[in-house]
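Accompanying notes for the structure given below.
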Amino acid sequence: MKKKISIGAAIALMAVIATITFSVTMIFSRSQFDTMMQDIKSREAVYTKLAEVDAKIRNNYIGEIDQTTLMDGISAGYMRGIGDRYARYYTAEQYKKEVDSLNGNLVGIGVEVTTSDSGYILVHDTYDGAPAQEAGIQAGDLIIMVNGTQVSVNNVSEMIDSLQGEPGTTLTLTVRRNNEDIPFEIVRRAFEIPTVQYRMVDTNAYIKITQFTSATESQFAEAIANAQKDGATGIIFDLRENPGGLVEAATNILDTLLPEGTIATATYQDGTTKVIAASDAEELNLPMVVLTNQNTASAAELFTQALRDYGKAKSVGTITYGKGVMQNIEQLSDGSAIEYTVATYATAKSENFDGVGIKPDFEIESVIDAASQPAFEDVTVDNDAQFKKAVEVVNTLK
């Protein structure tokens, strides 16, 4: 038998429910208000301190203040101050260069360089089809003078930056090769950065990926097509010195290699974890090995671990850098931009490797440093111990 309650009791019950609801809402609102007030107070403290510094400088500083330079400095300082080791501020010009680089485009002469022991600019390699290669610059050359200025330990970073510039402008270099100083005049222009190199080593495809950009996907697809056409029975991916790049480019490439399943997930500020990349059922069934070192980072680490997760590859070399976090680059209203960390990420079957790195299946130390590493076309089992082990491993997987 159903019991009935009186209208008075019903009203009383509704009043209790309303009171509880109001109390919960007030508690939540108060919490939100307190948080908001703390944020406002924090912002006020920042603005007050900045205003105090600004007033003292403007009242006493004997130099002239450039407002654009000042604002760039303040913004850069803010990004350094948030405690994110990967955060940075880009001026409008720097942002344009960064976007071009991530898109796989560059304006300059097309050389990979480092600093030599003597303080000069050492050409490690030249890009295929780029102005430097067409002019005759070679790996191993020492650039000792740029636009009439002698390169030294004190200005080498500035001289390296000056190799880039506006398309159509001329760059004069003096190059030292076999104790002979050779003058060059090279016109800068835009070109696509080759991030993928391919050649056959016996029956194995040797594919080096230097960075993951928007252009990497098509270059990789071409390399794989050539490897299949050439009858490759195994693949060695060389990701040594690969700093990462676009996670999307790396996962799109992985999609062509992996079976159906999750490739990677990301965990954001609010604690939510989302699948950021998945693979379809099409996969490449060839034995694979990935070469890594201490500078294999970020998307390159994700690439390595995802292949290992699915049992598609073994890794050879040394433990990787350990960068398992994702950054966003967001343009500001004046054309400048900020980059900061927004999530941690991991592959489908492994833990996040940030700050830890990925230990290779076969740990082999390199007997040569990055600056002395042979150019891609010169790497052999005789001059590269890690590559030699990679060849051995991929052959045992067949």
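Summary of values
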| quantity | calculated |
| --- | --- |
| Charge dipole magnitude, Cβ of K and R +1, D and E -1 - the chain, Cα centre, debye nearest 20 | 2140 |
| Accessible surface, region 200-338, averaged per residue in Å² (probe 1.4 Å) | 38 |
| Residue-normalised accessible area of region 106-153, given per residue in Å² at a 1.4 Å probe | 41 |
| Residue-averaged [θ]222 nm for the chain, counting only DSSP H segments that reach four residues, each worth -39500 (n - 2.57) | -11500 deg cm²/dmol |
| Long-range amide H partners of ASN295 with built H, under 5 Å | GLU241 |
| Average Cα contact separation per residue, region 147-283, under 8 Å, 6 or more apart, as relative contact order % | 15 |
| GNM result for the chain, Cα springs below 10 Å: residue of ALA297, ALA55, ALA130 fluctuating most strongly | ALA55 |
| Vicinal HN-Hα couplings computed from phi for region 208-221 (Karplus, 6.51 cos²θ - 1.76 cosθ + 1.60; Hz; Gly/Pro x) | 9, 10, 8, 5, 9, 10, 4, 7, 5, 4, 5, 5, 5, 4 |
| Subset of LYS208/LYS349; LYS229/LYS323; LYS323/LYS388; LYS349/LYS398; LYS229/LYS398 violating a 30 Å alpha-carbon distance limit | LYS229/LYS323 |
| Selected from MET326, MET159, MET288 as most flexible by GNM, with the chain as the system and alpha-carbon contacts under 10 Å | MET159 |
| Choice from VAL46, VAL247, VAL153 showing the highest fluctuation, given a GNM over the chain with Cα pairs closer than 10 Å | VAL46 |
| Rounded tilt (10° steps) of 247-257 against the dominant C-alpha axis of the chain | 70 |
| Per residue Cα convex hull volume in Å³ - calculated over region 314-373 | 134 |
| Dimensions (Å) - region 282-398, Cα atoms, principal axes, largest first | 54, 35, 28 |
| Cα gyration tensor category, rounded, prolate or oblate, for region 168-281 with a/c compared to 1.5 | oblate |
| DSSP-loop GluC sites (Glu not before Pro) across region 284-364, with at most 14 other Cβ within 10 angstrom | GLU351 |
| Net lengthening on full extension, ALA92/THR69 (0.36 nm per residue, minus Cα-Cα) | 7.1 nm |
| Cα-based helix-to-principal-axis angle, 67-81 vs the chain, degrees rounded to 10 | 80 |
| Three-way shape call for the chain based on the alpha-carbon gyration tensor, with the a/c threshold at 1.5 | oblate |
| Between region 72-94 and region 197-228, the alpha-carbon center distance in angstrom | 35 |
| Separation in nanometres of the label points that stand 7 Å from Cα toward Cβ, at THR115 and ASN285 | 5.2 |
| Once the Cα gyration tensor of region 233-351 is diagonalised, semi-axes √(5λ) in Å | 26, 17, 13 |
| Dipole axis of region 243-330 (+1 Lys, Arg; -1 Asp, Glu on Cβ), positive-most option in SER315, ASN252, THR272 | SER315 |
| Taking the chain and dividing mean pair separation by its residue count, relative contact order in percent (alpha carbons under 8 Å, at least six apart) | 12 |
| Region 261-304: C-alpha gyration tensor shape, a/c 1.5 cut-off, then a/b vs b/c | oblate |
| The chain: angle of helix 299-309 to the longest principal axis, Cα-based, in degrees nearest 10 | 80 |
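The values are calculated or read from the model by the stated rules, or taken from the named source; none is laboratory data. For clarity, every value in this text was computed on a predicted model and none was experimentally measured. A quick note on method: Cβ atoms are made from the backbone with ideal geometry, for glycine too, and the neighbour counts reach across all protein chains shown. For the accessible areas, the whole protein counts, side chains as well, though only heavy atoms, and no ligand, DNA or RNA atoms are used. Shrake-Rupley method; radii C 1.70, N 1.55, O 1.52, S 1.80 Å.
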